[in-house]
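Participant: Below you'll find the structure I mean.
The values are calculated or read from the model by the stated rules, or taken from the named source; none is laboratory data. Quick caveat: nothing in here was measured; it's all calculated off a predicted structure. Here the Cβ positions follow ideal geometry from the backbone for every residue, glycine too, while neighbour counts run over all protein chains shown. Surface areas here come from the heavy atoms of the whole protein model, side chains and all, with no ligands, DNA or RNA. Shrake-Rupley method; radii C 1.70, N 1.55, O 1.52, S 1.80 Å.
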Amino acid sequence: CEGEPISDITYQLGGGATGLTVTGLPQGLSLDPVAPGSDVYLLSGTLTADITADIPAQTFTITTNGGSCDSAQASGTFEIKSNAEINLVGSNNNQIVCFGDQLDEIVYDTKKIDDINNILVVGLPETLFTYAFDPATNKLTIKSIPELNIPGTYEYTIYSKETECNEAEANGTITILP
């Protein structure tokens with residue numbers, strides 16, 4: 001998953017090779033000798049790229065060099081899965097609304113969330129607020145009844161759930177004045 005360390009992989013030089021080069025490693029990974037002058041190399045690191053979609057196959061190639069014989073190659077493939085995201089569109093997640101008025105629509109853009117069942121909204125009473133998810137645009141929209149009639153402060157949090165990698169959350173506050 002994006003942002004997580006990989007399990008270390010060890011490679012050992014052979015056949016008289018004195019070094020190696022690597023191409024195609026995902027951002028955040030490296031292949032280094034375990035000690036200076038060692039013929040054992042460790043592929044390790046954390047997948048640091050901020051990706052917007054899964055990468056089903058990123059291939060890397062290791063080529064030996066230095067020895068009197070032909071160079072040897074080894075290759076591998078990483079499947080990198082992106083994390084869920086919930087991002088506010090605009091800047092109106094914290095609103096103060098007068099009694100009897102209506103909330104300005106609040107819109108969140110999501111990533112790795114397939115439908116409304118993968119979203120949990122906590123803190124908004126259903127008698128005052130509604131929310132809907134459009135899977136075609138990956139947008140979550142929060143609305144209110146036409147005339148807000150119960151004064152108070154409503155802190156809310158939106159959670160992603162049941163996604164493959166790290167979950168996401170976003171929050172805001174809606175205050176209805178008397």
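Participant: When both residues are 6+ apart or on different chains and their Cβ atoms are under 6 Å apart, which pairs have a first residue that lies in segment 94-112 and is closer than 16 Å to ILE158 by Cα, and a second that is surrounded by fewer than 14 Cβ atoms within 10 Å (Cβ to Cβ) and among the hydroxyl-bearing types (Ser, Thr, Tyr)?
Facilitator: These pairs meet every condition: ASN94/THR173.
Participant: Follow-up. Could you pull out the residue among GLY14, GLY19, GLY28 that is of a type in the set (Gly, Ala, Ser) and surrounded by 14 or more Cβ atoms within 10 Å (Cβ to Cβ)?
Facilitator: Just one listed residue meets the conditions, GLY28.
Participant: Would you check if TYR108 is at pLDDT below 95, among the hydroxyl-bearing types (Ser, Thr, Tyr) and surrounded by 12 or more Cβ atoms within 10 Å (Cβ to Cβ)? Break it down into steps so the answer makes sense when it comes.
Facilitator: Values: at pLDDT below 95: no; among the hydroxyl-bearing types (Ser, Thr, Tyr): yes; surrounded by 12 or more Cβ atoms within 10 Å (Cβ to Cβ): yes.
Here the answer is no, as TYR108 does not meet what is asked.
Participant: For the condition assigned to a strand (DSSP E or B) and touching a Ser or Thr at 6+ places or on another chain (Cβ under 6 Å), what is the one hit in THR21, THR10?
Facilitator: Details: THR10 fails: touching a Ser or Thr at 6+ places or on another chain (Cβ under 6 Å).
Step by step, each of THR21, THR10 is checked, and only THR21 is assigned to a strand (DSSP E or B) and touching a Ser or Thr at 6+ places or on another chain (Cβ under 6 Å).
Participant: Which condition number does SER30 fail, the rest of (1) in contact (Cβ under 8 Å) with a residue 24 or more places away in the chain; (2) of a type in the set (Gly, Ala, Ser); (3) more than 30 Å from ASP109 (Cα to Cα) being met?
Facilitator: Single failed check for SER30: (1).
Participant: Let me ask something else about it. Is it the case that TYR131 is in contact with a strand residue (DSSP E or B) (Cβ under 8 Å, 6 or more places away or on another chain), outside any loop (DSSP other than H, G, I, E, B) and at pLDDT below 95?
Facilitator: Working: in contact with a strand residue (DSSP E or B) (Cβ under 8 Å, 6 or more places away or on another chain): yes; outside any loop (DSSP other than H, G, I, E, B): yes; at pLDDT below 95: yes.
It is true that TYR131 is in contact with a strand residue (DSSP E or B) (Cβ under 8 Å, 6 or more places away or on another chain), outside any loop (DSSP other than H, G, I, E, B) and at pLDDT below 95.
Participant: Taking segment 31-51 only, how many residues are part of a loop (DSSP other than H, G, I, E, B), open to solvent by 60 Å² or more (accessible area, probe 1.4 Å) and farther than 25 Å from CYS165 by Cα?
Facilitator: Number of matching residues: 4.
Participant: Based on what the data block shows, is ASN94 farther than 12 Å from LEU148 by Cα, surrounded by fewer than 12 Cβ atoms within 10 Å (Cβ to Cβ) and of a type in the set (S, T, N, Q)? Break it down into steps so the answer makes sense when it comes.
Facilitator: Working: farther than 12 Å from LEU148 by Cα: yes; surrounded by fewer than 12 Cβ atoms within 10 Å (Cβ to Cβ): no; of a type in the set (S, T, N, Q): yes.
Criteria not met by ASN94.
Residues are listed down the side, and each one gets a yes or a no for (1) within 30 Å of THR23 (Cβ to Cβ); (2) in a strand (DSSP E or B); (3) open to solvent by 60 Å² or more (accessible area, probe 1.4 Å):
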| position | (1), (2), (3) |
| --- | --- |
| ALA53 | yes, no, no |
| THR63 | yes, yes, no |
| ASN83 | yes, no, no |
| PRO125 | no, no, no |
| LEU140 | no, yes, no |
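Participant: Looking at segment 142-173 only, could you name the residues that are within 27 Å of the chain's Cα centre (by Cα), not small (Gly, Ala, Ser) and not in a loop (DSSP other than H, G, I, E, B)? Give the derivation first.
Facilitator: Restricting attention to segment 142-173, the residues satisfying the condition of being within 27 Å of the chain's Cα centre (by Cα) are 142-143, 155-173.
Add one more test, that the residue is not small (Gly, Ala, Ser), and what stays is 142-143, 155-159, 161-167, 169, 171, 173.
If the condition is that a residue be within 27 Å of the chain's Cα centre (by Cα), not small (Gly, Ala, Ser) and not in a loop (DSSP other than H, G, I, E, B), then ILE142, LYS143, GLU155, TYR156, THR157, ILE158, TYR159, GLU169, ASN171, THR173 are the ones that fit.
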